[in-house]
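Here the structure comes first, spelled out in structure tokens, and everything after it is commentary.
Any read-out appearing in this document is the output of simple, stated calculations on the displayed coordinates, not a laboratory observation. Treat the numbers as computed from the prediction; the structure is a model and nothing was measured. Cβ coordinates were reconstructed from backbone atoms using ideal geometry, including for glycine residues, and neighbour counts include every protein chain displayed.
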């Protein structure tokens, strides 16, 4: 599977970009020349120069530094939230899909309740209760999204559980845990990877969106959406201020999309062949 | 000896807190002795798939039991290395992400074999037994034709040296000429490995070809039981209907 | 002039550049039944789909398909669609998948009938019930009111056949229509096909891999292997005195089981 992934050039580019973002985000204090919040009003709206590779914003803060520091809330927090909601959703989905019966019914009704709340409304409600902040948006996200993952994964699990290779494994006496691990999980992984990476995109956009509205991260934390908000005011006089965070978002979201496509092809040995449509050979065997 | 004694198996449906019980199987009693091939002939909807699942031990009858050598078959250790299966849908019965080699290894390591060399040697040996060359080891299921896939499924079924193999419409999805090849393969394996088969099918001609004993299954219960030779003079109306409606060239 | 005349049909897969069908050539008169025998991968399905124009766009079709004097391969999609259903009907292998699971079977059949015929609602119902009786479907009115999941695969398959017949097309293409059916149902359906042949004047192309089935319904036969026609002719000629090795091979494998069964039935193995 890894071989197939590496063969796909798009996937390699996407992985490199994502890895780059993560490394930059973690190593932000080490590699950035300035402090993200060091205000220098006399130097506001500076042009691109060797000292400020992307210029400065309306408070004289170095944009490049802020851009890199912004990786932390925009990307890393989102990773954590995604991981949490996928884990909860997948676990519930597996239990629900494999066990069926009463367990399934109970879990599904729980999902119904959670899905009845639109995630944006829940986010706003939590912000109203607990105040603005990235953590609260993430919490809202986990609360609503796990149910969606649970449903999708459950369908996937149920489909694969009814297949004959699982039946065979049961017949010869394989333990349920082994069956889930070897026969069902790898097959559902393709589905999980796809929905997880597409969710990643919407989550990044969501947190940026809320920050743009002023409901996300608290100023003066650097965050792409926040930076877009600040740039909004000078959109016509200093349009370049919008480009940096905007392009940063576009690149990472696109990378995740490409990775998601590539994963789907890499995980399933059938897909590559479908593209070239190998006609199946007839089994004229002489025994 | 495999002893099937299902008194009842129903399909329960809860509809607004009221349970509806619909019986699928009633009063099915038969034995399958070692080294014998028992045919279960039934049309679709007769309940034979449910019966197959109960014989395999992955489903329990509501009333009654299925026992192997006196022990209940739904217990894992009763089934271990004794019973195996080949299913109808060859696409669904092979893990799509595993090569032929991997799926054979999986079953072998399950039974305790560990050394990698002996695993490979044994796999090649098995493939040879079912008429496939060693080149098939690296193939994925979607690259195989129907006949080849079923041969792999049969190879997988005999890995654990079982005494009984349940063949649930194992050849029904294959082309006519391949069906005959696979049937002959099954007959050869039966001789060389002293296997007992329970052959479930809707095709009475095929059943007559391979089975020692026939059970005609209708509406969830045994209509009649006889040897293929006795078919010639049977007076059972349903059996007669099945015989008469068989198409021949 | 023949009803259907297929000349030099070649089908190529544009993605893999593999030729799937080579120079297929056959004719069909009104009221005749052509049986196409072939195993999986022989190209029989895509040949017939080419007649209907239902192939995947990546399959390039060359040649001529004259239906009622018109070359179907030259027709624009709009006109081709009118012919489909109206003049040419197709019965697929998996009848259960042909129906929309969310609406009643009767409603779906009505919709199709309304689109292609001018009959009133009552006469449509009468026609459908008439053919359902032919297919030995009991309680036709109740069946029409059912959803697909309430009916068995065999029943749905027979309903597909009913619909195809009720449309009174000039040509019916049946792609392995009885393969998924049980012995008894298959027999009944084929009997019904034979009866209908006598009453309705339509031509039938019947695809199967089972020689016994073809023997029962067809007048003439075409054997396909690896995209080519290896033998063709009348039933008697091809099935009882075959020329090509492949035809002989197909016959021999089926006959092995047949002969054993017939011998048992004659009492030769009577212990």
- Note on the structure: Measuring from the longest principal axis of the C-alpha atoms of chain B, the long axis of helix B:116-129 (C-alpha) lies at a number of degrees, nearest 10, equal to 50
- Message: Tell me the relative contact order for segment B:2-244 as a rounded percent, counting alpha carbon contacts under 8 Å between residues six or more apart.
- Response: 27
- Message: Can you compute the modelled spin-label distance between residue A:233 and residue B:31, with each label point 7 Å from Cα toward Cβ, in nm?
- Response: 9.3
- Can you quote the Å³ per residue value for the convex hull of the Cα atoms in segment B:21-145, rounded to an integer? 161
- Spin-label pair residue B:240/residue C:152, simplified geometry with 7 Å Cα→Cβ offset, distance in nm: 2.1
- Item | Cβ neighbours within 10 Å from other chains - mean over B:218-230 | 1
- Going by C-beta contacts inside 10 Å, put B:193, A:151 in order with the fewest on the left. B:193, A:151
- Shielding by partners - mean other protein chain Cβ count within 10 Å, residues of B:90-100: 5
- Working from Cα positions, state the angle (0 to 90°, nearest 10) between the long axis of helix A:240-267 and the longest principal axis of chain A. 10
- Item | Rounded if a/c under 1.5, otherwise prolate or oblate - chain C, Cα gyration tensor axes | oblate
- Going by a ≥ b ≥ c, the root eigenvalues of the Cα gyration tensor, does segment B:2-244 fall in the rounded group (a/c under 1.5), the prolate group (a/b larger than b/c) or the oblate group? prolate
- Query: Considering every pair of different Cα atoms, what Kirkwood radius, in Å, is found for the protein assembly as shown?
  - Reply: 31.0
- Message: Tell me the mean residue ellipticity at 222 nm calculated for chain B from its helices only (DSSP H runs of n ≥ 4, each -39500 (n - 2.57), averaged over every residue, nearest 500).
- Response: -10000 deg cm²/dmol
- Query: If you line up the long axis of helix B:100-110 against the longest principal axis of chain B, both from Cα atoms, how many degrees apart are they, to the nearest 10?
  - Reply: 80
- Item | GNM top mover of C:249, C:22, C:147 - chain C, alpha-carbon springs below 10 Å | C:249
- Query: If the chain between residue C:107 and residue C:237 were fully stretched, how many nm would it gain, using 0.36 nm times the residue separation less the Cα-Cα distance?
  - Reply: 42.3 nm
- Query: Where the centroid of each part is defined by its Cα atoms, how far is segment A:47-82 from segment B:54-101 in Å?
  - Reply: 60
- Note to self: C-alpha centroids of segment A:16-41 and segment A:130-188 sit apart, in Å, by 36
- Fewest-first ranking of A:224, A:146, using other Cβ atoms within 10 Å as the exposure measure: A:146, A:224
- Express as a percent, rounded to the nearest 5, the fraction of DSSP beta bridges in the protein assembly as shown (both residues included) that run antiparallel. 55
- Order by neighbour count: A:109, A:66, fewest other Cβ atoms within 10 Å first, most last. A:109, A:66
- Query: Points 7 angstrom from Cα along the Cβ direction at residue C:79 and residue C:133: gap in nanometres?
  - Reply: 4.1
- Item | Helix-derived mean residue ellipticity, 222 nm - over chain A, DSSP H n ≥ 4, -39500 (n - 2.57), to 500 | -22500 deg cm²/dmol
- chain A: relative contact order from alpha carbon pairs under 8 Å, six or more residues apart, as a whole percent, is 22
- When DSSP assigns beta bridges and you keep just the ones with both residues in segment B:2-244, what percent turn out antiparallel, to the nearest 5? 60
- Message: How much of the DSSP bridge set in chain C is antiparallel, in percent, rounded to the nearest 5?
- Response: 55
- Go ahead and estimate [θ] at 222 nm for chain C from helices alone: -39,500 (n - 2.57) per DSSP H run with n ≥ 4, summed, over the residue count, rounded to 500. -12500 deg cm²/dmol
- Expressed as a whole number, the average count of other chain Cβ atoms within 10 Å around the Cβ atoms of C:175-188 is 4
- Query: What whole number of Å gives the distance from the Cα centroid of segment A:222-250 to the Cα centroid of segment B:132-206?
  - Reply: 65
- Stretched fully, the stretch from residue A:158 through residue A:43 gains (0.36 nm per residue minus C-alpha distance, one decimal, in nm) 35.3 nm
- Message: Defining a contact as two alpha carbons under 8 Å apart and six or more residues distant in sequence, what relative contact order in percent does chain C show?
- Response: 26
- What FRET efficiency do you get for residue A:110 and residue A:26 if R0 is 45 Å and r is their Cβ-Cβ distance, rounded to the nearest 0.05? 0.80
